[in-house]
Amino acid sequence: MQNKSLDVWVGLFVILGAIGLLFLALRVGNMSSLSVGSSYLVTSKFDNIGGLKPRAPVKSAGVVVGRVGDIQFDDTTFQAQVSLQLDSRYKFPKDSSVKILTSGLLGEQYIGIEPGGDVHNLAAGDKITMTQSAIVLENLISQFLFSKAAEGKDGK
C-alpha cells in the first residue's frame with residue numbers, strides 16, 4: 001500500500017514537471033500569447049532586420065499591439081519585407097513609422113510602431129514606408145573603433 005501511494009505522488013510530480021517544461025518552451029518560442037482575435041496585415045521594408053524573427057512582438061508605448069508575420073527578401077529592392085499582423089482593436093494613422101528595437105542590451109528584437117498624425121488609419125494591405133532598420137552592435141563597435149583610430153592619427 002505504501003508503494004502505491006509513493007507511485008502516485010511520483011507520477012503527479014512528473015506530470016507537473018512536464019507541464020512546466022511545456023509552459024517554458026511556449027514562453028521561449030513566443031507561442032504562449034496566441035491571438036484568436038481578428039487582425040489586419042500591413043507590410044514594411046527594412047534595409048537590415050538584424051535578428052528579428054517571425055512571431056516577434058509589435059509594440060506601441062510598451063503594449064503588444066500585434067506580431068511579426070512573414071519575413072521575406074525582396075530581390076528587386078534588396079530589402080527585407082516584413083508583414084505585421086496588427087490587432088484590429090488598435091488603429092494607427094497612415095503616416096505611422098516603425099523601427100526595429102532591442103529589449104535590453106542583448107535581448108530579443110521587436111518592432112516599435114510610432115503613431116503619426118494623419119486623419120486616415122492604416123487598413124489591411126497598406127505599406128508603412130517610414131522605417132528604421134535594426135542597430136547592429138558589431139557595426140557600432142567598429143564605427144567607434146575607427147573613429148578613435150582616426151582621432152589618434154590626427155593628434156600626431
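The values are calculated or read from the model by the stated rules, or taken from the named source; none is laboratory data. Predicted, not measured: the structure shown is a model, and the values here were computed from it. Using ideal geometry, Cβ is built from the backbone for each residue, glycine included, and neighbour counts are taken over all protein chains shown. Side chains included, ligands, DNA and RNA excluded: accessible areas come from the protein's heavy atoms. Shrake-Rupley method; radii C 1.70, N 1.55, O 1.52, S 1.80 Å.
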Given PHE144, VAL82, SER60, which one lies farthest toward the positive end of the charge dipole of the chain, if we put +1 on the Cβ of every Lys and Arg and -1 on the Cβ of every Asp and Glu? SER60
Packing rank of 78-88, 17-27, where each peptide gets the mean count of other beta carbons within 10 Å, highest leading: 78-88, 17-27
Cross-link partners among lysines for LYS148, C-alpha distance below 21 Å, same-chain residues fewer than 8 apart left out? LYS156
Note the full-extension length gain between SER147 and ASN48 as 0.36 nm times their separation in residues minus their Cα-Cα distance, in nm to one decimal. 33.4 nm
I need to check one value: relative contact order of the range 1-99, counting alpha carbon pairs closer than 8 Å and at least 6 residues apart, in percent. 25
With every protein chain present, what accessible area does ARG55 have (1.4 Å probe, heavy atoms only), rounded to the nearest 10 Å²? 50
Toy charge model, Lys and Arg Cβ at +1, Asp and Glu Cβ at -1: the range 1-116 dipole around Cα centroid in debye, rounded to 20, equals 320
Lysines within cross-link reach of LYS94: Cα-Cα under 27 Å, excluding same-chain residues under 8 positions apart? LYS45, LYS53, LYS59, LYS127
Which distance in nm do the two modelled labels at HIS120 and GLN132 give, with both placed 7 Å along the Cα-to-Cβ direction? 2.6
If the cut-off is a Cα-Cα distance under 16 Å, which aspartates and glutamates reach LYS99, setting aside same-chain residues fewer than 8 apart in sequence? ASP47, GLU108, GLU114
What shape does the chain take by its C-alpha gyration tensor, where a ≥ b ≥ c are the square roots of the eigenvalues and a/c under 1.5 counts as rounded, a/b above b/c as prolate, and the rest as oblate? oblate
Burial order of peptide ranges 138-146, 45-53 (average beta-carbon count within 10 Å, highest first): 45-53, 138-146
